[in-house]
Amino acid sequence: MSKNASVDKDHAVLLPQDEMPTHWYNILADLPEQLAPPLDPRTLKPMSPEPLLRLFAKDVVMQEVSTERFIKIPDEVYDAYLRLPRPTPLIRAGRLEKFLNTPAEIYYKCEYVNPTGSHKPNTAIAQAYYNMVQGNKRLVTETGAGQWGSALAMAAALFGLKCDVYMVRASYDQKPGRRTMMQAMGANVVASPSKSTQFGRGILESDPNNTGSLGIAISEAIEDCLAHEDTRYCLGSVLNHVLLHQTIIGLEAKKQLSSIDVVPDVICGCIGGGSNFAGFAYPFMADKLKGKSATKFVACEPKAVPSTTRGVYTYDFGDTAEMTPLLKMYTVGHKYQPPPIHAGGLRYHGKAPSLCYLINKGYVSSVAYSQNEVFEAARILAQTEGMITAPETAHNVKYAIDEALRCKKTGEKKIIAFNNCGHGLLDLQAYDAFMNGLLEDYEPSNIEVPKLAP
Ligand SMILES: Cc1ncc(COP(=O)(O)O)c(C=O)c1O
């Protein structure tokens with residue numbers, strides 16, 4: 001047992017600040033083969049990173065293509081992490097275990113403890129910092145549930161940058177508190193599809209009540225970025241550099257679990273674009289890729305947007321307006337209109353290419369749930385652990401509970417670990433709808449994904 005870690009295995013493991021990891025972990029160094037490259041949609045040839053420099057900060061583009069195993073966290077970012085604060089606690093969910101009457105042990109990492117309430121600041125801070133260093137003045141982005149937008153609004157405020165957020169209309173209407181939070185931190189927030197861009201205006205002309213999607217909001221943010229020289233775009237998930245920044249979660253969790261001599265049998269997380277799952281899981285996956293671990297990895301998604309459980313593993317655009325490179329990923333198609341489920345952060349048609357590769361090769365399995373069953377799991381968590389989790393996170397809480405109940409049947413003492421990646425304190429309207437029996441479950445009857453590249 002580490003001399004510094006808080007020692008009681010039955011409560012919380014608090015890693016001291018001077019033990020916070022100093023480097024992010026890059027899984028691209030350890031994958032058995034190179035990932036299929038992003039393609040230029042016009043030529044269908046691998047795309048060079050240069051065009052990305054107009055969109056993203058230079059350091060972020062370098063990280064996107066880097067295969068260096070460990071990348072140093074800059075001092076200013078490290079300092080901002082410490083103030084979030086990090087390291088975040090790892091909690092043993094003893095009351096949940098008792099309620100389920102399971103021999104399994106359940107642990108969760110508390111990524112909701114920072115001011116904006118999710119894992120998203122881990123990359124927002126890094127992206128804002130790199131833009132500030134480069135002299136860019138304004139950041140533009142999309143947001144689904146508003147967690148990513150709030151994180152970037154906060155990070156922009158910390159580094160003295162302007163911030164504009166295209167917020168998916170379904171969430172803009174469902175979560176006014178998130179909008180207010182971003183505005184209070186100085187960001188300008190518009191509902192997407194919006195009248196601010198040509199693409200948004202086009203959608204509204206043919207469908208004035210369009211509820212939006214992350215794919216549409218990404219297209220609007222990119223169009224805005226390209227129209228303003230002082231502006232760079234920031235993405236909250238999917239790309240390699242975002243997943244890289246999130247690995248601070250799993251690197252801490254690994255230290256915390258090893259300090260109490262615990263090795264997880266099962267690691268689960270929800271997937272919107274894949275960043276919180278990857279951030280938590282990849283440092284553990286490093287051992288599995290080297291044949292040193294038997295841990296099972298499970299990614300959880302909504303039945304309403306079943307990218308990895310019913311989608312196709314193929315090249316697709318990252319956005320609806322077809323402005324991004326083609327990425328090889330599991331997708332339900334970039335024109336798919338996700339139903340207005342409350343887990344706004346999971347309403348994305350594709351998933352991170354590295355995660356999709358790991359799913360395709362069998363290193364990660366995936367499951368899908370409908371929103372009433374995940375809110376039931378969230379209610380159990382609230383009434384045992386006293387924690388209101390985000391609707392997105394509720395997906396992996398559902399898996400953790402089901403796995404613990406399977407252990408109850410078999411008598412197995414599995415160690416289950418999940419990333420509690422957000423709180424739901426600005427999602428109470430969704431809890432209210434659930435408790436009043438007003439939540440609808442959605443499932444597409446048919447999924448069609450056009451083949452865009454060989
Ligand atoms: C709390 C929370 N969890 C999960 C997600 C999904 O994103 P990702 O898969 O990148 O973690 C979001 C996205 O907004 C979120 O806010």
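The values are calculated or read from the model by the stated rules, or taken from the named source; none is laboratory data. Fair warning: this is a prediction, and the values are worked out from it, not measured in the lab. All Cβ positions, glycine included, derive from the backbone under ideal geometry; neighbour counts span all protein chains shown. Protein only, heavy atoms only, side chains kept; ligands, DNA and RNA dropped before computing areas. Shrake-Rupley method; radii C 1.70, N 1.55, O 1.52, S 1.80 Å.
Counting only strands (runs of 3 or more DSSP E) that sit wholly inside region 51-167, those with at least 1 residues that are more than 18 Å from Pro21 (Cα to Cα) and either touching a residue at least 24 places away in the same chain (Cβ under 8 Å) or in contact with a helix residue (DSSP H, G or I) (Cβ under 8 Å, 6 or more places away or on another chain) (or both) are 90-92, 105-110, 138-143.
Of all residues in region 326-362, those satisfying the criterion of being outside any loop (DSSP other than H, G, I, E, B) and open to solvent by 10 Å² or more (accessible area, probe 1.4 Å) are Leu327, Lys328, Tyr330, Gly345, Pro353, Tyr357, Ile359, Asn360. Residues that are modelled with pLDDT of 95 or more, among the aromatic types (Phe, Trp, Tyr) and assigned to a loop (DSSP other than H, G, I, E, B) do occur in region 436-453. If I ask for residues that are charged (D, E, K, R) and either surrounded by fewer than 20 Cβ atoms within 10 Å (Cβ to Cβ) or more than 27 Å from Trp24 (Cα to Cα) (or both), which ones from region 70-90 would you list? Listed by number, the residues that qualify are Lys72, Asp75, Glu76, Asp79, Arg83. Checking each residue in region 118-138 for being of a type in the set (Gly, Ala, Ser) and either under 18 Å from Leu84 (Cβ atoms) or open to solvent by less than 10 Å² (accessible area, probe 1.4 Å) (or both) picks out Ser118, Ala124, Ala126, Ala128. Considering each residue of region 91-99 in turn, at least one proves to be loosely packed, with under 13 Cβ neighbours inside 10 Å and closer than 30 Å to Asn396 by Cβ. Residue check: Asp287 meets all listed conditions (1) touching a residue at least 12 places away in the same chain (Cβ under 8 Å); (2) more than 16 Å from the ligand (Cβ to nearest atom) but one, namely (1). Condition test on Val238, is it in contact with a helix residue (DSSP H, G or I) (Cβ under 8 Å, 6 or more places away or on another chain), surrounded by fewer than 20 Cβ atoms within 10 Å (Cβ to Cβ), within 30 Å of Glu19 (Cα to Cα) and β-branched (Val, Ile, Thr)? Considered against the rule, which asks whether it is in contact with a helix residue (DSSP H, G or I) (Cβ under 8 Å, 6 or more places away or on another chain), surrounded by fewer than 20 Cβ atoms within 10 Å (Cβ to Cβ), within 30 Å of Glu19 (Cα to Cα) and β-branched (Val, Ile, Thr), Val238 comes out as no.
Residues that are assigned to a loop (DSSP other than H, G, I, E, B) and open to solvent by 10 Å² or more (accessible area, probe 1.4 Å) within region 415-426 comprise Leu425, Leu426, listed in sequence order. Looking only at residues in region 363-414 that are acidic (Asp, Glu) and part of a helix (DSSP H, G or I), the one that is least open to solvent (accessible area, probe 1.4 Å) is Glu403. The single residue among Gln256, Gln246 that is more than 16 Å from the ligand (Cβ to nearest atom), open to solvent by less than 10 Å² (accessible area, probe 1.4 Å) and of a type outside the set (Val, Ile, Thr) turns out to be Gln256.
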